[in-house]
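The values are calculated or read from the model by the stated rules, or taken from the named source; none is laboratory data. Since we're looking at a predicted model, the values are computed, not measured. Quick reminder, even Gly has a Cβ in these numbers, built from the backbone with ideal geometry, and neighbours come from all protein chains shown.
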Amino acid sequence: MILSPMRFKGVTWQYNPHTINISCQKNMVENKIHLNDSILQNFGRNARVISGEGCMYGEDCFTRMAKLWKLYRSNESGLLMIPEFTAVRAMFSSLKIIGEPTDKLIKYSFSFTEIMETVREQILPDIHIVRFGENLWDISFNYSICVETLLKLNPNIRHPFSLSEGDEVRLC
């Protein structure tokens with residue numbers, strides 16, 4: 001299986017990170033009541049944190065690392081596309097070089113923090129007509145449907161990036 005590359009705000013990782021961690025917690029409060037009993041309340045979840053480690057390889061590894069630093073310093077949220085997961089609107093929250101870089105190798109760690117937005121209930125259309133430049137990740141994010149689900153519903157699509165303008169994508 002060929003994994004799609006990780007992307008954020010127009011920057012595509014040449015090599016996917018070798019570790020990706022996605023963590024999330026719920027806001028749970030235990031309220032003590034009479035006779036040593038308690039009630040557990042769920043106040044929803046916190047923002048997901050996507051972190052990991054990877055390497056930049058090759059002659060141009062410093063140029064590619066400079067692009068990541070520029071992206072990190074931009075302080076803008078964007079769509080984070082993680083291989084085989086639903087896209088997440090996130091903010092680049094940390095970037096660190098690990099160890100001593102060499103002329104053809106830079107090890108790094110990163111983290112992104114999800115931007116929590118109010119999810120509005122929406123009625124899904126049966127199909128989506130692909131616009132110029134769209135891919136399954138874009139459609140997945142727009143309709144909150146997992147890319148894997150879209151691929152199962154559309155067996156004619158072989159890869160998330162193989163769409164053309166005017167194609168029809170089944171959503172349900």
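Here are the numbers:
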read-out: Any hit, the stretch 120-129, residues being among the acidic types (Asp, Glu) and over 17 Å from the mean Cα position of the chain (by Cα); value: yes
read-out: Number of positions in the stretch 45-66 that are part of a helix (DSSP H, G or I) and surrounded by 13 or more Cβ atoms within 10 Å (Cβ to Cβ); value: 4
read-out: Of all residues making up the stretch 78-108, the number that are within 19 Å of residue 57 (Cα to Cα) and either in a strand (DSSP E or B) or touching a Lys or Arg at 6+ places or on another chain (Cβ under 6 Å) (or both); value: 12
read-out: Pairs with Cβ under 7 Å, 6+ apart, first in the stretch 14-32 and closer than 30 Å to residue 65 by Cα, second modelled with pLDDT under 90 and assigned to a strand (DSSP E or B); value: 24/45
read-out: Enumeration of residues in the stretch 132-163 that are assigned to a loop (DSSP other than H, G, I, E, B) and more than 23 Å from residue 78 (Cα to Cα); value: 154, 155, 156, 157, 158
read-out: Options 35, 40; residue that is outside any strand (DSSP E or B) and of a type outside the set (Ser, Thr, Tyr); value: 35
read-out: Which numbered condition residue 88 misses (of (1) more than 26 Å from residue 77 (Cβ to Cβ); (2) surrounded by 12 or more Cβ atoms within 10 Å (Cβ to Cβ); (3) in the same structural domain as residue 69 (by TED's automatic domain parsing)); value: (1)
read-out: Residue list for the stretch 70-84, restricted to those being modelled with pLDDT of 90 or more and loosely packed, with under 12 Cβ neighbours inside 10 Å; value: 70, 73
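This table checks each residue for (1) surrounded by fewer than 13 Cβ atoms within 10 Å (Cβ to Cβ); (2) at pLDDT below 85; (3) more than 23 Å from residue 68 (Cα to Cα).
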site	(1), (2), (3)
109	no, no, no
114	no, no, no
118	yes, yes, yes
140	no, yes, yes
145	no, yes, yes
151	no, no, yes
155	yes, no, yes
